1. Restricting to segment 106-138, what's the tally of residues that are assigned to a helix (DSSP H, G or I), within 23 Å of Leu170 (Cα to Cα) and in contact (Cβ under 8 Å) with a residue 24 or more places away in the chain?
2. Looking at (1) under 19 Å from Lys79 (Cβ atoms); (2) in a helix (DSSP H, G or I); (3) aliphatic (A, V, I, L, M), can you tell me which one Leu141 breaks?
3. Is there any pair linking a residue in segment 163-183 that is on the phi < 0 side of the Ramachandran plot and part of a loop (DSSP other than H, G, I, E, B) to one that is surrounded by 13 or more Cβ atoms within 10 Å (Cβ to Cβ) and aliphatic (A, V, I, L, M), with Cβ under 6 Å and at least six apart or on different chains, and which?
4. Can you pull out every residue in segment 157-184 that is surrounded by fewer than 11 Cβ atoms within 10 Å (Cβ to Cβ) and either more than 26 Å from Leu134 (Cα to Cα) or small (Gly, Ala, Ser) (or both)?
5. Would you check if Ile188 is in a loop (DSSP other than H, G, I, E, B), loosely packed, with under 12 Cβ neighbours inside 10 Å, touching a residue at least 12 places away in the same chain (Cβ under 8 Å) and β-branched (Val, Ile, Thr)?
6. Checking Glu125 against (1) touching a helix residue (DSSP H, G or I) at 6+ places or on another chain (Cβ under 6 Å); (2) buried (at least 20 other Cβ atoms within 10 Å of the Cβ): exactly one of these is not met. Which one?
Amino acid sequence: MSKGLNIYYYGKGKGKTTAVMGLAARAAGALMNVSILQFVKAKQPKKGDRLQSGEWPVSNEFLYFNANKKSKIGKIDSKQVGAGFVGILGDRKQREVHIKAAKQGLKEAEKIFKSKKYQLVILDELISALELKLITEKDVLSLISKKPKELHLAYTGHDTFKKIIEVSDLVSEVKMIKHPYYKGIMAIRGIDF
């Protein structure tokens, strides 16, 4: 198998998580197994639209297509490893709770690497956990260095870090030009989550 890529989506614009979720769908369509870990996301309250045992909400059509044993598609597993949003949207958790969850997320990622069950691992908001000082740049670089050679690894965040760019094979900046949030329009189901 060829070398797996390190893929880094960053920036202040909307679309980083959307990009990696599209990457997950494309990979599954190419018969790759995908693991998604979300580091800084709030749990969605509705249980009906889940990826198997994961915490990332998806449409029933996607869930059915992925679960249909006759379909020729890879498996997508998803898990929230963070303790939710940090310091916003009503977060009242102690900082230590977020730090512990982020560090546990790093251990979970290492466990997934060692399982060799996946061809693509997505660490959504991993770099955001770094930006929020829940983990260190050294933690992130160490994790990236532990990934198996053939595994594709994607990670997202808002800011750029020179050393992380250096170890990444593909780096894309998502720049915000305009966002409905600033007009008072909150996240829309099916568009934003």
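The values are calculated or read from the model by the stated rules, or taken from the named source; none is laboratory data. All of these numbers come straight from a predicted model, not from anything done at the bench. Counting neighbours? That spans all protein chains shown, and the Cβs are built from the backbone with ideal geometry, glycine included.
1. Final tally of qualifying residues: 12.
2. Only one criterion in (1) under 19 Å from Lys79 (Cβ atoms); (2) in a helix (DSSP H, G or I); (3) aliphatic (A, V, I, L, M) is unmet by Leu141, namely (1).
3. Close Cβ pairs (under 6 Å, with a partner that is surrounded by 13 or more Cβ atoms within 10 Å (Cβ to Cβ) and aliphatic (A, V, I, L, M)) amount to Val167/Ile144; Asp169/Leu5.
4. Within segment 157-184, Ile177, Lys178, Tyr182, Lys183, Gly184 qualify.
5. Numbers: in a loop (DSSP other than H, G, I, E, B): yes; loosely packed, with under 12 Cβ neighbours inside 10 Å: yes; touching a residue at least 12 places away in the same chain (Cβ under 8 Å): no; β-branched (Val, Ile, Thr): yes.
Here the answer is no, as Ile188 does not meet what is asked.
6. Tallying (1) touching a helix residue (DSSP H, G or I) at 6+ places or on another chain (Cβ under 6 Å); (2) buried (at least 20 other Cβ atoms within 10 Å of the Cβ), Glu125 fails exactly one: (1).
Condition check ((1) modelled with pLDDT of 90 or more; (2) under 19 Å from the mean Cα position of the chain (by Cα); (3) more than 25 Å from Val174 (Cβ to Cβ)) across all residues:
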site: Met21; (1), (2), (3): yes, yes, no
site: Ala28; (1), (2), (3): yes, yes, no
site: Leu31; (1), (2), (3): yes, no, yes
site: Phe39; (1), (2), (3): yes, yes, no
site: Ala42; (1), (2), (3): no, yes, no
site: Val58; (1), (2), (3): no, yes, no
site: Lys72; (1), (2), (3): no, no, yes
site: Lys79; (1), (2), (3): yes, yes, no
